[in-house]
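Novice: Mind having a look at this structure? Questions to follow.
The values are calculated or read from the model by the stated rules, or taken from the named source; none is laboratory data. Since the structure is predicted, the reported quantities are computational estimates derived from the model, not experimental observations. For neighbour counting, all protein chains shown are included, and Cβ atoms are generated from backbone atoms with ideal geometry for every residue, glycine included.
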Amino acid sequence: MPATVSGMLGPYSRTLEGYMRIERTDPVTGKTLTPTDGQPYVVEGEGADALMIYFESEETKRQYQGIGAERPERDLHHTLDNPAPLPGDEPNGIPQQRG
């Protein structure tokens, strides 16, 4: 586990490589954890862009790890167009002239 530096660093931790962001709120339960000694965690990313996320339990850590990551370069090849009419739309998609 990286050594933490308390005080002015706020949500950052000092590591051998520099600093990383720390999230002490379990993203599954929403519970803020204090203290975090001995709590399960994961580190997402590397170096200054790394994020250490603490979890309330191994179970919530597993749940988090089971959530698939979005990969825009791979996953967003579908159109976001919704061909279904919205309330108030005319059947052909063109509003009729009123008046």
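Novice: Take the residues in segment 60-77 that are of a type in the set (D, E, K, R) and at pLDDT 75 or above; name whichever of them is nearest to residue 44 (Cα to Cα).
Specialist: Of segment 60-77, the ones of a type in the set (D, E, K, R) are 61-62, 70-71, 73-75.
Next, only the ones that are at pLDDT 75 or above stay: 61-62.
Numbers: 61: 13, 62: 14 Å.
The residue in question is 61.
Novice: Residue 34: closer than 28 Å to residue 20 by Cβ, among the hydroxyl-bearing types (Ser, Thr, Tyr) and either at pLDDT 95 or above or exposed (fewer than 10 other Cβ atoms within 10 Å of the Cβ) (or both), yes or no?
Specialist: Working: closer than 28 Å to residue 20 by Cβ: yes; among the hydroxyl-bearing types (Ser, Thr, Tyr): yes; either at pLDDT 95 or above or exposed (fewer than 10 other Cβ atoms within 10 Å of the Cβ) (or both): yes.
Yes; evaluated as a whole, the condition is true for this residue.
Novice: Which members of segment 41-62 meet the condition of being in contact with a Lys or Arg (Cβ under 8 Å, 6 or more places away or on another chain) and among the hydroxyl-bearing types (Ser, Thr, Tyr)? Walk me through how you get there before you give the answer.
Specialist: Within segment 41-62, the first condition is being in contact with a Lys or Arg (Cβ under 8 Å, 6 or more places away or on another chain), and the residues that meet it are 41-42, 50-52, 54-56.
Once the filter is applied, which keeps residues that are in contact with a Lys or Arg (Cβ under 8 Å, 6 or more places away or on another chain) and among the hydroxyl-bearing types (Ser, Thr, Tyr), segment 41-62 yields 41, 54.
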